[in-house]
Each structure stands twice: as structure tokens, then as C-alpha cells.
1. How do the peptides 35-41, 57-63, 84-90 rank, highest first, by the average count of neighbouring beta carbon atoms within 10 Å per residue?
2. Find how much the distance from residue 24 to residue 53 grows on full extension, using 0.36 nm per residue of separation minus their present alpha carbon separation; answer in nm with one decimal.
3. Full-extension gain between residue 85 and residue 7, please, as 0.36 nm times their residue separation minus the C-alpha to C-alpha distance.
4. Order these peptides, 24-32, 64-72, by their mean beta-carbon neighbour count within 10 angstrom, highest first.
């Protein structure tokens, strides 16, 4: 699991004291590629390239605001690993409202520097 620090630096092998179990989507999304996420956060903590699965790639990230996840959701026709350079919509999951929104700015900062993402923030 990766850790994103308050200054935006990344530790790809930081571990995570609090697991990702129980995270859920609260409206924050990013539009980027698997390879861009790999470059920034390392390999996903979960991956299953089968098109029948609801999630084919999932990164668990510890942040100053708590744990959040980045994952593709229901990309059945073209799972993220089918073309790791294609742009997909990735959800951000969190344990409670606020974590993903706060951490989103850090993620955006890391990915947007190379123009590798678009952002959609929900309510």
C-alpha cells in the first residue's frame, strides 16, 4: 500500500495500519490511466483482469486524512488492464465522508502535473 504525504510525496511501500475494507464511493472520481496510477502509486493492491469482476484494479492509499482507495468500477466491456494506457473513470472510496475529498487534492497534484487526469467531484 502506498502513502501520500501532506506535501504530495509518495512512499509506495509504506503499508497501511487501517485496511481498505468498508470503503465506499462518495462522489469523488478521477479520469486517468492504469499506467499513470502505477507510475505514481506502484502496482495495485488488488487486480483481477477478468471482465466479469466489478473491480479490476484497486489501490489502497494511506494519507494524512485517512485511508482511501482508487479503483475502476464496473468496466465490464473494457477492464482497465485490457489497455493500461486508455483513460478510465476511477472512483475514490473512503471510510467516511471527507477523507477522499481532502486526499483528492493531493492525488490531483501528483497526477495533474503531467496532464494525466481529469477530475469529477460529486456531492
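None of the figures in this text is laboratory data; all of them are computed from the coordinates on show. In this text, all values refer to a predicted model and were calculated from it rather than measured experimentally. Quick reminder, even Gly has a Cβ in these numbers, built from the backbone with ideal geometry, and neighbours come from all protein chains shown.
1. 57-63, 35-41, 84-90
2. That works out to 8.8 nm of additional length.
3. That works out to 25.4 nm of additional length.
4. 64-72, 24-32
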